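Peer 1: Supplied in structure tokens, the structure appears directly below.
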Amino acid sequence: MDHHNADDIDIEHFGSDMNTQSENNTMSVSGPQGVGGSQSKVIGKKPKMTSNVWQVFDLHESEDNNGNKIQSAICKLCNASLVAEARNGTNHLKRHMEKCLAKHGPRDPKQQQLAKASGSGGKVCTFTYSQTLALQMHGNKGCLENERIALLAIKPLIINAIVQLEESFGDEELLSAALSLSSTFRIQLYDRKRTVESWVDDRVSDCCDWYRVECSTTTGRVMNLSLSRLFADSTILNFSLFQPFEQLQILDLSGNYFKGWVDSRGICKLKNLIELDLSENNFEGHLPPCVNNLTILRALDLSSNQLTGNIPSFNLLTSLEYLSLQDNNFEGPFSFGSIVNLSKLEIFQLSTKDSTLLETENFLRPPNQLKFLKLSKCNLHVIPSFLMYQNSLEFIDLSHNKLVGMFPTWLLHNNTRLQGMLLINNSLSGILQLPNSTHDLLDLRISSNNLSGQLPMNIGVILPRLGLLDLSNNSLEGYIPWSMGEMKSLNMLDLSSNSFSGELPKPFVSGCSSLEWLILSNNNFQGEIFPQFMNMTQLQLLFLDNNKFGGKIKDGLLKARFLQGLDLSNNSFSGQIPDWIGNFSLLSDIVLSNNHLEGGVPVQLSNLGDLETLDISENWLSGSMASSFNLSSSVLKLCLQKNALNGSIPDAFLGSSELLILDLRDNGFSGSIPIQIDEVPNLHFLLLGGNHLEGLIPHELCQFKDLSILDLSRNRFNGTIPSCFTNILTWVEQSNSRYTIPPGFGWDIQDERYSFASYNVAFAFNYVDSQVDATPETEIDFVSKNRYESYKGSILNYMLGIDLSCNELTGDIPTDIGNLQQIKAMNLSHNSLSGSIPESFSNLTNMESLDLSHNKLSSRIPPQLTQLNSLAIFNVSINSLSGPVPDKGQFGTFVESSYGGNPGLCGSQIKRSCGSSEPTTPPATPSGAGEEEEDESAIDMVSFYWSLFAAYVTTIMAFVLILWLNSYWRKRWFCFIDACIISSYCWILRNVFHRYDDI
């Protein structure tokens, strides 16, 4: 399939652009005088031209008014003159020839003569036309009529996919947003529309020229149909549609995710198939046994479907070179003997559920030699012994098999041409042993195993050509070997989640000049980084998070001009954020959280035009933002929480219309929420808690249609709760069109399928189902169920909550708040809200945590709230509620403290009978409200005592320090003590013992 630059595609104008292009490519026809009215002449001897169009055209040369020579092609059928310059090619001539033959060519087999005048100064030519000559000139007149009709029968399925794709977004605004955010979606829609535009239902159009269709140049029969990723996932594919294509050799239906298939045996009638790709669909059931009748088939891909039953035998397909059966639901045992006759097989892929591999000892012994072998998720437990006889492997993947034992060094010994070796997610243990001699391995991935010990000191000498090394999630320790500086071709290195320690060696930092990805997260590395001799000039992604690095961030990193992602979080870096960080023109993601960085936020961050993630939270940053500070319009995630920043919230924070996450919690921001907040309509998380913000809660917040979590707690907001919160659609109704929250940042090595359409085993890193994931999950803390809960990953797409606690809000709780049916957590505590609890709260069926404590609410608790079956936490303590406490459903599980401080409440939960004439004053015994008040008082007193103790100790230490440093005050102090002692002694003798009355 063709590849396109998605950034240059305008879907809305696609149709008009195609029409314009068609008009531009169709050359205007001039009269006999040629271009510009110049005289033309027939070139006596036609030059040697490779294209067969020159059997229909004469080449003419003429001069324009300025004497410049112009070449033109004169059609022998209609005398039209077209441009014949070399740079224009012959495609426009071919199109004209096809139309002209269709219009002027005879419909009977008799020969006819057409006399054409070549214009002034020319001569009359005689041209003999026949169907045989037309075939010689054109190669073929076009595809067969029955094949053209068959293609047009497929076209409505593609149109239906376009309609469903556009309608799935509901409105033009969401569709436009999706097109702008996702290049993959943009290309997919463009590709489908291009196919529909190309497949024209008229007699002039030759279906051999249609997009995704290739024909034989001699017979005109359709030979290749590339229909991958064209259809809607609701389509049920009828294989009888392909029966007219009797000479079809290549059929690609991959990536369509069909809902099912009909007449699957129809595929077996395509006897000339050489390549068949049915991967990435939802085909269910058993594979038709008649597939074995496709005896000349060379490549068969059935991967990523829902095929069930036993894996069929393919022994009759003796021409097979490529066979992929991975990611299906095959059951029962599988014997390699079922493919033992495939002597030409070079590429084999298998991964099944609960499949047991049998008779591996008899599989593919010499002369059968594989080049590409993937046996992932096959429950092998041990490495198959037949691999001892394979010595031509270029790639092997035995990931996810619970393999035990040592690292199989012998695979490297036996296969000197091995380029890729994947043993991901097994149980291999012991140290990593390498061959004694140099090996040309390019890709080694042994992540998520139990390897221990240190890396071989000579790893850079033994594997000098290694391009990708992934040893993450093991128990490796020690230092990075100096010899790794000899890996001049190393592009990607992942040593994360081990126990490595020490500083990064100088040969490594200065020698790995080709390194693009360096991932050292979750280790014990230490020391300063980015020295002057750092020579990683190609670095694009650098993850050093969760280590013990310290010191200032040095400018050796400046040599990495292509840096795109930087994560230094959870270390001990100090000093200021360097100003030169704004010099990286490609930098899109910065994470410097949880360090000891101080000072202000550098204004040079405004220079980063591609910035998407900025996380500098949990540092010692202070001060207000500079007025010249500005952020890129592409920022998606902005996190500055837990610093000491102050001043008003800068308008620059609201300059990105793409902003999804704004977290400014626990700073010193003051003033009101800017009214420009409505300029970021795609906001999902607005977290402003723990500041000094004041004023009314702006109604502009109600314009966020996709808001998930709103945290305005621990501020000084006053006024009433806006009733317009019901405009936030995600809180009101379940939506299928919400955007997926992006990860923290990072990139994956995309899974690239091995392409057999141009079958060639000499591939370069086109590995299947293998990736290096360098994407930390976005994590957000939010108060739910009376404690901070950490939400990260995909759960963020479903967590919806609002926290307005610890403010100065007044008035009634709006009844419309009960319409926020999707909310899971709501905290309105520690305000001055009055009135009753709205009965509409019974509509909050997804509510898990509801806190209304420490307000001035009155009346009774609505019994309708017992319908909230998901409610796990309910707190209405310290209010003025009265009446019986509900005891049905979830309310039967809530403890007494949930209702404390409400003297008018009664019921079994709070051990107060509703029929007694008890006074409204709470009893002296510690129960009910008294218990809650005691608890609240105890919490306050504990804080007070600790504060008093700290102040006392500080004062004493300061006083002692002054006496120790200043001898004069030290003498005065001791003299004062002596005087106090004598005075006290005399007072006691005189007043207690009545002695020395005369003193």
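Peer 1: Using the 2.2 N^0.38 Å rule of thumb for compact globular proteins, work out how the stretch 944-991 stacks up: its C-alpha Rg over that value, please. Write out the running numbers ahead of the final one.
Peer 2: Working: Rg = 15.3 Å, N = 48, 2.2 N^0.38 = 9.6 Å.
Working it through for the stretch 944-991, the quotient is 1.60.
Peer 1: Bin by bin, in steps of 10 Å, what percent of the Cα pairs in the stretch 255-313 do you find, going until the bin that has the longest distance?
Peer 2: P(r) over the stretch 255-313, rounded to whole percents: 22, 58, 20.
Peer 1: I've got another one for you. How much FRET efficiency would the formula 1/(1 + (r/R0)^6) give for SER832 and VAL895, where r is the Cβ-Cβ distance and R0 is 25 Å, rounded to 0.05? Working shown, then result.
Peer 2: Numbers: r = 25 Å, r/R0 = 1.02.
It comes out at approximately 0.45.
Peer 1: Assuming R0 = 35 Å, can you tell me the calculated FRET efficiency for the pair ASN450 and SER513, based on Cβ-Cβ distance, to the nearest 0.05?
Peer 2: Details: r = 33 Å, r/R0 = 0.94.
E between ASN450 and SER513, to the nearest 0.05, is 0.60.
Peer 1: Next question. What whole-number value in cubic angstrom gives the convex hull volume per residue for the C-alpha atoms of the stretch 611-742? Walk me through the intermediate numbers first.
Peer 2: Details: hull volume 12.8 nm³, N = 132.
With only Cα atoms used, the stretch 611-742 gives 97 Å³ per residue.
Peer 1: Stretch MET957-GLU284 to full length: gain in nm at 0.36 nm per residue minus the Cα-Cα span?
Peer 2: Numbers: separation 673, 0.36 × 673 = 242.28 nm, distance 7.86 nm.
Taking 0.36 nm per residue and subtracting the Cα distance, the gain is 234.4 nm.
Peer 1: With the Cα gyration tensor of the stretch 442-492 in hand, convert its eigenvalues to equivalent ellipsoid semi-axes via √(5λ) and list them largest first in whole Å. Walk me through the intermediate numbers first.
Peer 2: Working: eigenvalues 65, 37, 11 Å².
Taking √(5λ) for each eigenvalue gives 18, 14, 8 Å, largest first.
Peer 1: Can you tally the net charge around PRO722? Count Lys and Arg as +1, Asp and Glu as -1, for every other residue whose Cβ sits under 14 Å from the Cβ of PRO722. Before the final figure, lay out each step's value.
Peer 2: On the way: positive: none; negative: ASP678, GLU700, ASP812, ASP816.
Taking every Cβ under 14 Å from that of PRO722, the sum is -4.
Peer 1: Tell me, TRP987, TRP210 in order of fewest to most beta-carbon neighbours within 10 Å?
Peer 2: Working: TRP987 10, TRP210 21.
The order, fewest Cβ neighbours first, is TRP987, TRP210.
Peer 1: Would you kindly state how much longer the chain becomes between GLU700 and ASP579 on full extension, computed as 0.36 nm times their sequence separation minus their alpha carbon distance, in nm to one decimal? Working shown, then result.
Peer 2: Values: separation 121, 0.36 × 121 = 43.56 nm, distance 3.49 nm.
Stretched fully, the GLU700-ASP579 segment lengthens by 40.1 nm.
Peer 1: Got a sec? How would VAL200, VAL953 order by Cβ neighbour count within 10 Å, fewest to most? Walk me through the numbers before you get to the answer.
Peer 2: Working: VAL200 15, VAL953 10.
By the 10 Å Cβ count, ascending: VAL953, VAL200.
Peer 1: Once you have the Cα-Cα distance between PHE533 and CYS268, take 0.36 nm times their residue separation minus that, and quote the gain in nm to one decimal. Before the final figure, lay out the partial values.
Peer 2: Values: separation 265, 0.36 × 265 = 95.40 nm, distance 6.40 nm.
Once the chain is fully extended between PHE533 and CYS268, it gains 89.0 nm.
Peer 1: Here's another thing I want to ask about it. Label points 7 Å out from Cα along the Cβ direction at TYR968 and GLU808: separation in nm?
Peer 2: If labels sit at TYR968 and GLU808, their model points lie 4.9 nm apart.
Peer 1: Same structure, new question: Treat each spin label as a single point 7 Å out from the Cα along the C-beta direction, and report the SER216 to ASN524 distance in nm.
Peer 2: 7.1 nm
Peer 1: Ok, one more. Equivalent-ellipsoid semi-axes (√(5λ), Cα gyration tensor) for the stretch 602-673, whole Å, largest first? Numbers along the way, then the final one.
Peer 2: Numbers: eigenvalues 66, 32, 30 Å².
Whole-Å semi-axes of the equivalent ellipsoid: 18, 13, 12.
Peer 1: Here is a follow-up. Which FRET efficiency value, to the nearest 0.05, is calculated for GLU679 and SER913 with the Förster distance at 56 angstrom and r the Cβ-Cβ distance?
Peer 2: Numbers: r = 57 Å, r/R0 = 1.03.
Between GLU679 and SER913 the formula returns 0.45.
Peer 1: If you take every residue apart from GLN604 with its C-beta less than 15 Å away from the C-beta of GLN604, what net charge results, scoring Lys and Arg +1 and Asp and Glu -1? If you can, show how the numbers build up before the last one.
Peer 2: On the way: positive: none; negative: ASP555, ASP579, ASP610.
Once positives and negatives cancel, what remains is -3.
Peer 1: Too long at a 30 Å Cα-Cα cut-off: which of LYS402/LYS637; LYS344/LYS488; LYS271/LYS344? List each step's numbers first, then the result.
Peer 2: On the way: LYS402/LYS637 38 Å; LYS344/LYS488 37 Å; LYS271/LYS344 19 Å.
In this structure, LYS402/LYS637; LYS344/LYS488 lie more than 30 Å apart at Cα.
Peer 1: With 24 Å as the limit, write out which pairs from LYS824/LYS911; LYS552/LYS642; LYS506/LYS559 have Cα-Cα distances beyond it, or answer none. Numbers along the way, then the final one.
Peer 2: Details: LYS824/LYS911 30 Å; LYS552/LYS642 21 Å; LYS506/LYS559 16 Å.
Exceeds cut-off: LYS824/LYS911.
Each value in this text was obtained by applying a stated rule to the coordinates, not by laboratory testing. The model shown is predicted, which means the values in this text are computed figures rather than measured ones. Note: ideal-geometry Cβ built from the backbone for every residue, glycine included; neighbour counts use all protein chains shown.
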